[in-house]
Amino acid sequence: MRADARRNREKVLRAGRKCLADDGFDAQMEDIARRAKVGVGTVYRHFPTKDALVEALAAERFKNLTEKAREALADPDPWNGFADFLYYSASVQANDRALSEIMGARPEVMKEAAEESGLFEPVSELIAKAQKAGSLRGDVVPEDVPLLMCGLARAPRRGSKGPESNWERYLGIVLDGLRAPAITKLPPPRA
C-alpha cells in the first residue's frame, strides 16, 4: 500500500472509531469521510461496507484487549490481574457505543476478532493463575469471559443516566460472583 493510501486508511479508521463510538450503527459513511477529511470514495475504497469498517475496528480493539490481557498476567496478584482485565474491557465498551452494540447484536464478529487476535490464550492463563491462587472459582472456563463481556456490553451506555450508566457497579457484582469459594454450582459449559 502506498504511503498516502496508508495514511488515508488510518484517518478513516480514526474517524470511523470516533463516529461509531459516538453514534453506533447510526453513523454514516459520509460523516466518517467528513471527519477524516477525505472523500467518501476513499472511505469505500478501503472499506466497501460499514460492516467491513466495523470488522476492522473490532480486530483493532481485540488486538488491544489481547495486549492488556498479557499485561495483566504480570500482576503478582492473579485476582487483581483478572479483575483489572475485566474492568479494562468493560471500560472500553462503556466508551464505545458501536463495540457494545456489536458485542450484543453480532457476537460472531466479536468471536472471530477475539480468536484472530489470540485473546483466548492470555485469558486462559489469567483464569488458570487466579484459580491456582484460590481466588477465582474453579468452575469458570475461558469461554465464560466472552459471554460475560457480551452481557456487560448491554449494560453500559456512555452519556446515559440511571442504572445502565453505572457499569462499574454491575461489573463489581459480576466479579463477586466469580470469586472463590463458589456457593452456586454452575451447569457444565455447552459445546
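For residue 179, the residues 5 or more places off, or on other chains, whose built amide H falls under 5 Å of its own are 137.
When the Cα atoms of the range 1-48 are enclosed in a convex hull and the volume is divided per residue, what value in Å³ results?
59
Remark: the chain carries a charge dipole of roughly 580 debye about the Cα centre, counting +1 on each Lys and Arg Cβ and -1 on each Asp and Glu Cβ.
Note on the chain: Lys pairs 8 or more places apart or on different chains, Cα atoms under 14 Å apart, count 4.
Only the coordinates and a few stated rules stand behind these numbers; no lab work does. All values reported here derive from a predicted model rather than from experimental measurement. Cβ coordinates were reconstructed from backbone atoms using ideal geometry, including for glycine residues, and neighbour counts include every protein chain displayed.
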